[in-house]
1. Taking only Cα atoms, what is the 0 to 90° angle, nearest 10, from helix 2-11's long axis to the longest principal axis of the chain?
2. Rank the residues Met222, Met15, Met155 as a footprinting-exposure proxy: fewest other Cβ atoms within 10 Å of their Cβ go first.
3. Mind listing the phi-derived Karplus ³J(HN,Hα) values for the stretch 224-236, rounded to whole Hz, using 6.51, -1.76 and 1.60 with θ = phi - 60°, and x for any glycine or proline?
4. State which stretch of the chain is the longest one without any exposed trypsin sites (Lys or Arg not before Pro), exposure meaning a DSSP loop state and at most 14 other Cβ atoms within 10 Å.
5. Between the DSSP loop rule and a limit of at most 11 other Cβ atoms within 10 Å, which chymotrypsin sites (Phe, Trp or Tyr not before Pro) in the stretch 156-248 are left?
6. Just flag the GluC sites (Glu not before Pro) in the stretch 61-124 sitting in loop per DSSP whose Cβ has no more than 15 other Cβ atoms within 10 Å.
7. Multiply the residue separation of Ala50 and Ser159 by 0.36 nm, subtract the distance between their alpha-carbon atoms, and state the gained length in nm to one decimal.
8. Below 8 Å between Cα atoms, with a sequence gap of 6+, how large is the relative contact order for the chain in percent?
Amino acid sequence: MGIEVCRAVLEAPGMDLTAAIDPSFGGIALHEATGVDSDLVIDPDAGAIAGRVDVAVDFTHLEACRANLKVLATNGIHAVVGTSGFTEDDHSAIADMFDRSNCLIAPNFAVGAVLMMRFAELAAPLFETAEIIELHHDGKIDAPSGTSIATAERMAKASADWADDPTEAEIIAGARGARGAAGIPIHSVRMRGLTAHQEIVLGAAGQTLTLRHDSFDRSSFMPGVVLACRRIAELPGLTIGLDEALGL
């Protein structure tokens with residue numbers, strides 16, 4: 001994802017790539033480490049970019065991102081975050097930190113995925129049951145995905161009137177999936193050949209509605225990342241999700 005972000009920023013009109021961070025490649029030219037056409041030298045940590053950037057994009061791991069955000073907030077740098085796993089306590093702490101600059105955290109930067117979540121939110125009050133199946137590559141270390149968790153939360157806020165699960169005997173533990181907000185089942189698939197996919201099936205008497213989004217390549221996330229970088233200065237404090245940047 002870092003490589004894709006670097007390429008997207010380099011190609012975006014009116015934007016400049018001014019720094020790249022990776023502790024494993026600190027001191028190495030970006031083009032040598034990644035093949036990205038830039039003579040930038042990779043910095044080892046976020047502290048090295050103070051005063052050099054307006055917006056920083058973070059696609060790392062949760063603990064690393066927490067530390068990075070403290071550095072960015074302290075130095076008045078806007079943050080666009082694709083790292084997943086943040087808790088409500090994290091959100092509160094981040095909102096308090098970003099008083100000089102802004103932070104946007106999105107579970108998914110693919111525009112189609114954002115629309116899928118919005119459509120599910122709109123449909124939720126009109127259906128009695130729903131289940132979410134999220135499918136990712138076998139290199140994804142967390143389950144369920146941030147997108148599926150956020151989808152269930154948005155559906156739960158849109159409707160509290162969900163039918164009870166009729167299952168009386170779960171023959172194999174976990175067969176009915178994990179339980180998201182409002183008890184909406186979430187099923188996680190991890191498989192080679194996949195990138196990032198999600199399906200939401202809503203059911204009512206005599207009908208179902210299926211909403212599905214597929215990202216076949218990491219480039220699908222880049223228009224959303226670039227948009228967030230362009231809009232972040234207009235979104236004060238902490239923003240969750242890409243909806244506001246898209247005007248949804």
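None of the figures in this text is laboratory data; all of them are computed from the coordinates on show. The model shown is predicted, which means the values in this text are computed figures rather than measured ones. In this analysis, Cβ positions are derived from the backbone assuming ideal geometry, glycine residues included, and neighbour counts consider all displayed protein chains.
1. That helix lies at roughly 70 degrees to the long axis.
2. Numbers: Met222 20, Met15 15, Met155 26.
Ranked by crowding around the Cβ, least crowded first: Met15, Met222, Met155.
3. x, 5, 4, 4, 4, 4, 6, 9, 4, 5, 8, 10, x
4. 101-175
5. Working: sites: Trp162, Phe216, Phe221; in loops: Trp162, Phe216.
Of the chymotrypsin sites (Phe, Trp or Tyr not before Pro), the ones in loops of the stretch 156-248 whose Cβ has at most 11 other Cβ atoms within 10 Å are Phe216.
6. Numbers: sites: Glu63, Glu88, Glu121; in loops: none.
Here no GluC sites (Glu not before Pro) fit, given the DSSP loop and packing criteria.
7. Numbers: separation 109, 0.36 × 109 = 39.24 nm, distance 4.41 nm.
The Ala50-Ser159 span can extend by a further 34.8 nm.
8. Numbers: 430 pairs, mean separation 51.9, N = 248.
Reported as a whole number, the value is 21 percent.
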